[in-house]
Amino acid sequence: MTSTEDGQPISDNDRLVSTLQACFADLLREQKEQADRLKQAVEELKPKPAPATDKKARFWTAYKTLADQHDKELLQRYSTDLDTSLIFAGLFFAVDSAFIIQIQPEFQTIDQGPLLITPVAQSLLYISLGSTLLAALLAVLGKQ
């Protein structure tokens, strides 16, 4: 039997624990090796830009890299602008609809005919409602 530094025999639990610790240490080492191999394999499989052989190829490679970066920034900036436009269009649509609903009874209850200002105001409200819907449609199409 193996004994500790004090000269007392090692219990079965202590032997089991030390054996498990050694196994887990080996397992962790093997797992790290596998992870390193997988990482290396993934790096090898990533597409690499073709080496530039002449000035034109180097230029177009650099141009494509810069253009892609610029396009990503532009897309992100205009995406947030279109989100803001959609929110504004929705709020304006709600307010415009409230005014149209408020003006509708006035248009129908006048006995001697509507005042000239009522149909003009109503027409302008409907035009603004239509233009708001068109702006929202264009913003949605722009986001897609």
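The values are calculated or read from the model by the stated rules, or taken from the named source; none is laboratory data. Because the structure is predicted, anything quoted here is derived from the model rather than measured. When we count neighbours, we look across all protein chains shown, and the Cβ atoms used for this are built from the backbone with ideal geometry, even at glycine.
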Checked F107, F92 against criteria (of a type outside the set (V, I, T), under 30 Å from G130 (Cα atoms), assigned to a helix (DSSP H, G or I) and modelled with pLDDT of 85 or more); the one match is F92
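What are the residues in segment 65-78 that are of a type outside the set (A, V, I, L, M, F, W, C) and either exposed (fewer than 12 other Cβ atoms within 10 Å of the Cβ) or without any contact (Cβ under 8 Å) to a residue 12 or more places away in the chain (or both), if any? Spell out the reasoning first.
Our first condition is that a residue be of a type outside the set (A, V, I, L, M, F, W, C); within segment 65-78, this holds for 65, 68-73, 76-78.
Those that are of a type outside the set (A, V, I, L, M, F, W, C) and either exposed (fewer than 12 other Cβ atoms within 10 Å of the Cβ) or without any contact (Cβ under 8 Å) to a residue 12 or more places away in the chain (or both): T65, D68, Q69, H70, D71, K72, E73, Q76, R77.
Please state which one of K56, K39 is loosely packed, with under 10 Cβ neighbours inside 10 Å, over 19 Å from G142 (Cβ atoms), without any contact (Cβ under 8 Å) to a residue 12 or more places away in the chain and not aliphatic (A, V, I, L, M). Talk me through it step by step, then tell me what you get.
On the way: K39 fails: loosely packed, with under 10 Cβ neighbours inside 10 Å.
One residue alone meets the criteria, K56.
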